[in-house]
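Enquirer: Dumping the structure here so I can ask a few things about it.
The values are calculated or read from the model by the stated rules, or taken from the named source; none is laboratory data. Keep in mind the model is a prediction, meaning the values are calculated, not measured. So basically every Cβ, Gly included, is an ideal-geometry build from the backbone, and we count neighbours across all protein chains shown.
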Amino acid sequence: MPVETPETQHLPVLLEETLGFLRTTEVETAVDATLGFGGHSRAILEAFPNAKLIAFDQDETAIALAAERLKADESRITLVHSNFENLKSGLARYSISSVDAIIADLGVSSMQIDSETRGFSFRYDAPLDMRMDQSANIETAADILADRSETEIANLIYQLGEERLSRRIARRIVEAREGGNPIETTKQLAELVSRCVPRSKKDTIHPATRTFQALRIAVNGELDILDGFIADAVDLLTTSGILAVITFHSLEDRIVKNAFQRQAGKCICPPKIPQCVCGAVKRVEILTKKPVTAGSEETNANPRSRSAKLRVVKKIAAE
């Protein structure tokens, strides 16, 4: 099995496939809604040498590191410290009301996973923080495990992590805190989950992976903002503009797929109603009937690309 290294963890996934879709239109202004380490941003700047790029990230550390990496093109790039749920207002600050391309590489960035102090990964013993924006006054993962009921924790882990043994894990978490040993570090949580989740030789992921995913999503509200982001992105696109979204787990992918279908005019009325009353309007053409996934060459070079799925739409002229 390929081994992840610091180098592979910073490789942008499905890069050539994403650029291929962007090249189907004229790109003068583009948005990278999830800057991260700047891999996709740098590739866009290289592929479209006359284009301007606006890049969003809620992580101040990511912005600082990417700014240095993209310094050669600083005259063409604007970095915005904000979550992409503020896409419209963030662009409005620079008097931008339309763009030609928008990409979003969802989920946790490689820099956040690599951090030994922020609690995203069980590879390091760190406080259970998991906030992508450390300046945000929101609950940490440790706060959630300290304050929520057993049922709430179980539902969270089941719904956002798709962990079938969520009730067992939640019960052990509550027992630990009631016994005076609240779960506050990544090591504590990973060890607790490992005791709850049997692991066979066929398993390719750590037993705590799904629980960590669930807490990260809950802390950052990652799924709650996707529908609004996609609607705003389509609003901002020029005719023939491209929106490309890369997801890394089934929950994200399902939301993006359904949102794209709605933007493509799919009627959601009950089938027995003779006439559409939901007001479905076709605003985009779906360019990926099935999601694009990484080939063997990319997955061998970058193991983290294995779960990536790319979906793309093109803005069409109003009817």
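Enquirer: Please indicate, with yes or no, whether at least one residue in the stretch 150-161 is surrounded by fewer than 20 Cβ atoms within 10 Å (Cβ to Cβ), among the hydroxyl-bearing types (Ser, Thr, Tyr) and closer than 21 Å to VAL256 by Cα.
Expert: So far as the stretch 150-161 goes, yes, one or more of its residues are surrounded by fewer than 20 Cβ atoms within 10 Å (Cβ to Cβ), among the hydroxyl-bearing types (Ser, Thr, Tyr) and closer than 21 Å to VAL256 by Cα.
Enquirer: Are any residues in the stretch 283-319 more than 22 Å from ILE246 (Cα to Cα) and without any contact (Cβ under 8 Å) to a residue 40 or more places away in the chain, and if so, which ones?
Expert: Within the stretch 283-319, ALA318, GLU319 meet the criteria.
Enquirer: Residue check: is LYS201 over 13 Å from ILE157 (Cα atoms), in a helix (DSSP H, G or I) and either in the same structural domain as GLU139 (by TED's automatic domain parsing) or not hydroxyl-bearing (Ser, Thr, Tyr) (or both)?
Expert: no
Enquirer: Name the residue, out of ASP125, ASP129, that is under 28 Å from VAL245 (Cα atoms), part of a loop (DSSP other than H, G, I, E, B), outside the structural domain of ALA33 (by TED's automatic domain parsing) and not aliphatic (A, V, I, L, M).
Expert: Sole residue among the options that is under 28 Å from VAL245 (Cα atoms), part of a loop (DSSP other than H, G, I, E, B), outside the structural domain of ALA33 (by TED's automatic domain parsing) and not aliphatic (A, V, I, L, M): ASP129.
Enquirer: Suppose the filter is within 24 Å of GLY39 (Cβ to Cβ), of a type in the set (Val, Ile, Thr) and surrounded by 14 or more Cβ atoms within 10 Å (Cβ to Cβ); does THR209 pass it?
Expert: Criteria met by THR209.
Enquirer: Further, regarding this structure: Go through (1) surrounded by 23 or more Cβ atoms within 10 Å (Cβ to Cβ); (2) at positive phi for ALA170 and report which single condition fails.
Expert: (2)
Enquirer: When the residues of the stretch 260-293 are filtered to those that are aliphatic (A, V, I, L, M) and at pLDDT 95 or above, which remaining residue is surrounded by the most Cβ atoms within 10 Å (Cβ to Cβ)?
Expert: My answer is VAL284.
Enquirer: Testing GLY241 on (1) of a type outside the set (Val, Ile, Thr); (2) farther than 30 Å from ILE173 by Cα; (3) modelled with pLDDT under 95, one condition comes back false. Which one is that?
Expert: Unmet for GLY241, out of (1) of a type outside the set (Val, Ile, Thr); (2) farther than 30 Å from ILE173 by Cα; (3) modelled with pLDDT under 95: (3).
Enquirer: If you scan the stretch 3-18, which residues turn out to be assigned to a helix (DSSP H, G or I), modelled with pLDDT of 90 or more and not polar (S, T, N, Q)?
Expert: Across the stretch 3-18, the qualifying residues are LEU15, GLU16, GLU17.
Enquirer: Could you check PHE21 against (1) over 23 Å from the mean Cα position of the chain (by Cα); (2) modelled with pLDDT of 95 or more and say which number it fails?
Expert: Exception for PHE21: condition (1).
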